[in-house]
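The values are calculated or read from the model by the stated rules, or taken from the named source; none is laboratory data. Note that the coordinates shown come from a computational prediction; the quantities given were computed from them, not determined experimentally. Here the Cβ positions follow ideal geometry from the backbone for every residue, glycine too, while neighbour counts run over all protein chains shown.
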Amino acid sequence: MLKMAGTLFAGLTVLFGIWWFGAASALTKTALLQPRGDNVTPRYFGLPAQINEAASTLNKLGFRLYSVEKADHCMFHPLGRPTRVIIFSDTSWRQGTLCIVPNGNKVSEVYWLFQPGAP
């Protein structure tokens, strides 16, 4: 019985490794390993540079548009002056918020906060 449990654990570990290094998205890895941060490259999450395409990609990943507003901060990051920001929320297990600062019709900066498993 103990040998069978060890084999099952080893098999699950291998499957998790395959999923983690292959199928797990950048969002999943970020939610677990770096739940708060910023990255000026929209490609970090696999987002296209264009705002409309980025919004479509986020929708496919489970995010919903929360608000478009003028603010002097994007979540926890000060912007220095009132700037248009686009905020998306994720109500999946990741429980996250993603804030985009556009420059014209392109994604300029991305900030995020995830609280995986939060109620």
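General remarks:
- Residue in the stretch 12-31 that is at pLDDT 75 or above, in contact with a Leu (Cβ under 6 Å, 6 or more places away or on another chain) and either closer than 21 Å to V101 by Cβ or not in a strand (DSSP E or B) (or both) present: no
- When residues of the stretch 61-86 are limited to those that are within 17 Å of A31 (Cα to Cα) and not in a loop (DSSP other than H, G, I, E, B), the one nearest to the chain's Cα centre (by Cα): F63
- Across the stretch 84-103, not a single residue is classified as of a type in the set (D, E, K, R) and within 15 Å of P48 (Cα to Cα).
- Scope the stretch 82-109; condition touching a residue at least 24 places away in the same chain (Cβ under 8 Å), farther than 17 Å from G62 by Cα and crowded, with 17+ Cβ neighbours inside 10 Å; matching residues: V101, P102, V107, E109
- Single condition D72 does not satisfy, out of (1) at pLDDT 85 or above; (2) touching a helix residue (DSSP H, G or I) at 6+ places or on another chain (Cβ under 9 Å): (2)
- Within the stretch 43-57, the set of residues being within 16 Å of the chain's Cα centre (by Cα) and modelled with pLDDT of 90 or more comprises I51, E53, A54, A55, S56.
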